[in-house]
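Novice: Before anything else, here's the structure in question.
The values are calculated or read from the model by the stated rules, or taken from the named source; none is laboratory data. Fair warning: this is a prediction, and the values are worked out from it, not measured in the lab. Counting neighbours? That spans all protein chains shown, and the Cβs are built from the backbone with ideal geometry, glycine included. Calculation scope for accessible area: heavy atoms of the full protein, side chains included, ligands and nucleic acids excluded. Shrake-Rupley method; radii C 1.70, N 1.55, O 1.52, S 1.80 Å.
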Amino acid sequence: MTLPHPLDLSRHWRDLYDPLLTHLCETGNAAWAGQLQSQLLQRFVSHPHGDLERWQNAYNGLPVSAAAKVLPNRSAVAVTANEPDQPDLRLGSLQPELEHALRGLMPWRKGPFEFFGLSVDTEWRSDWKWDRVAPHLSDLTGRTVLDVGCGSGYHCWRMWGAGASRVIGIDPGLLFLMQFLSLKRYDNAAPVDLLPIRVEDLPPDMAYFDTVFSMGILYHRRSPIDHLLDLKATLKPGGEVVLETLVIAGNEGEVLMPEDRYAMMRNVWFIPSSRSLKRWLARAGFVDIRVVDESLTSTEEQRATDWMQFQSLSDFLDPSDPSKTAEGYPAPLRATLIARKPR
């Protein structure tokens, strides 16, 4: 269904999510579709975000292109003209209009993206994370995939580009949703959706997804084992979890719990060693657990840009010793682990 223009989520959310809701009903998941309708009604109508109207106005300022598509297999996920001979927005008078609308959705944190040749240089080089993770994944071809805490959906597009038959991202942030929709409006038929909900809002023991990603989420959870159990409950038997999170160097049993902030973030609770994290996954019932990557986060991967003009990683490290955070903890080290739900 073509999205209404201008978009007003309080009125048009049913149109926006109708393809997904229809798909769920047709695949035996009518109960979840009904639950989602209630949650979306609550999110957009009963308790809308105070900035939602401003973000919708920015979205509505995006120039219309009759035939465009999203190219999800590029480092910068790109919106481009559908036909080679179609006039490209980069060549016309609409380029300032396009940039003005996209800047109304700042700050852009996860990406990068490109809109008809206009580069949106996000705070995070999320393509670098994808390049570290992708070589270790089971083939996503034909899989139904969940991305928990997906932000603006950059990795959702890359998952679809890697062959997934349907990708659902969840993140409660409505600015992230509006950024995602700024791409989706140009390729509305793409089987990629972003739901503004939390993993706790999913049906219990749904066992619906072949692969679930949780990247950059675990250290924000007060109960990390419960988060792992929530992830397992979304998976079909034999399904794969991809877990990327902050870790510390250390042995099994070692965990850092910051006294207050970590790298200026308040909501960081537990940062385990990779060996401890393997034990957590085992205790949560996963098998075939492996650490596939450990990488220090660099100030080239996370930094302030013209599209995210606030403080970033370089401001959160000790200026006299960048191997430590501003609070004196070890600088951000991230690990990716892959495990499987038993059959």
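Novice: Filter region 125-157 for residues that are surrounded by fewer than 24 Cβ atoms within 10 Å (Cβ to Cβ) and touching a Lys or Arg at 6+ places or on another chain (Cβ under 6 Å) and give the result.
Specialist: Listed by number, the residues that qualify are W130, T144.
Novice: Do we have any residue at all in region 194-216 that's free of Cβ contacts under 8 Å to residues at least 24 places away in the same chain, hydroxyl-bearing (S, T, Y) and over 22 Å from L9 (Cα atoms)?
Specialist: No, region 194-216 has no match at all.
Novice: Of the residues L235, L277, only one is open to solvent by less than 10 Å² (accessible area, probe 1.4 Å), over 19 Å from A335 (Cα atoms) and within 25 Å of the chain's Cα centre (by Cα); which? Outline the logic, then answer.
Specialist: On the way: L277 fails: over 19 Å from A335 (Cα atoms).
That would be L235, the only listed residue that is open to solvent by less than 10 Å² (accessible area, probe 1.4 Å), over 19 Å from A335 (Cα atoms) and within 25 Å of the chain's Cα centre (by Cα).
Novice: Moving on. Consider only pairs whose beta carbons are under 6 Å apart and that are at least six residues apart or on different chains; among these, list those whose first residue lies in region 281-294 and is over 17 Å from T234 (Cα atoms) and among the aliphatic types (A, V, I, L, M) and whose second residue is exposed (fewer than 15 other Cβ atoms within 10 Å of the Cβ) and modelled with pLDDT of 95 or more.
Specialist: If the second residue must be exposed (fewer than 15 other Cβ atoms within 10 Å of the Cβ) and modelled with pLDDT of 95 or more, the pairs left are V292/H136.
Novice: Under the condition of being among the small types (G, A, S) and in contact (Cβ under 8 Å) with a residue 24 or more places away in the chain, which residue from region 162-188 is most open to solvent (accessible area, probe 1.4 Å)? So that I can check it myself, show each step before the final result.
Specialist: Taking region 162-188 as the starting set, the residues that turn out to be among the small types (G, A, S) are 162-165, 169, 173, 182.
Checking which are in contact (Cβ under 8 Å) with a residue 24 or more places away in the chain leaves us with 162-165, 169, 182.
Numbers: A162: 41, G163: 28, A164: 5, S165: 58, G169: 0, S182: 0 Å².
Here the residue is S165.
Novice: Just give me the residues in region 284-315 being surrounded by 14 or more Cβ atoms within 10 Å (Cβ to Cβ) and assigned to a loop (DSSP other than H, G, I, E, B), in sequence order.
Specialist: Across region 284-315, the qualifying residues are A284, F286, T297, S298, T299, E301, R303, A304, W307, S312.
Novice: Would a scan of region 96-108 turn up a residue that is at pLDDT below 95, crowded, with 20+ Cβ neighbours inside 10 Å, out of contact with any Cys (no Cβ under 7 Å at 6 or more places or on another chain) and within 24 Å of R11 (Cβ to Cβ)?
Specialist: no
Novice: Same structure again: M178 passes all but one of (1) in a helix (DSSP H, G or I); (2) in contact with a strand residue (DSSP E or B) (Cβ under 6 Å, 6 or more places away or on another chain); which number fails?
Specialist: (2)
Novice: Here's something else I'd like to know. Suppose we filter D193, D201 for residues that are over 27 Å from R266 (Cβ atoms) and surrounded by fewer than 23 Cβ atoms within 10 Å (Cβ to Cβ); which single one remains? Before you say what the answer is, go through the steps one by one.
Specialist: Working: D201 fails: over 27 Å from R266 (Cβ atoms).
That would be D193, the only listed residue that is over 27 Å from R266 (Cβ atoms) and surrounded by fewer than 23 Cβ atoms within 10 Å (Cβ to Cβ).
Novice: Against the definition (among the small types (G, A, S) and within 30 Å of S119 (Cβ to Cβ)), how does A304 come out, yes or no? Give the steps one after another, and end with the answer.
Specialist: Values: among the small types (G, A, S): yes; within 30 Å of S119 (Cβ to Cβ): yes.
Taking the combined requirement at face value, the residue satisfies it.
Novice: Tell me the helices (runs of 4 or more DSSP H) entirely within region 41-157 that contain at least 3 residues that are farther than 20 Å from P6 by Cα and in contact with a helix residue (DSSP H, G or I) (Cβ under 9 Å, 6 or more places away or on another chain).
Specialist: Working: elements: 52-60, 95-103, 126-133.
It comes to 126-133.
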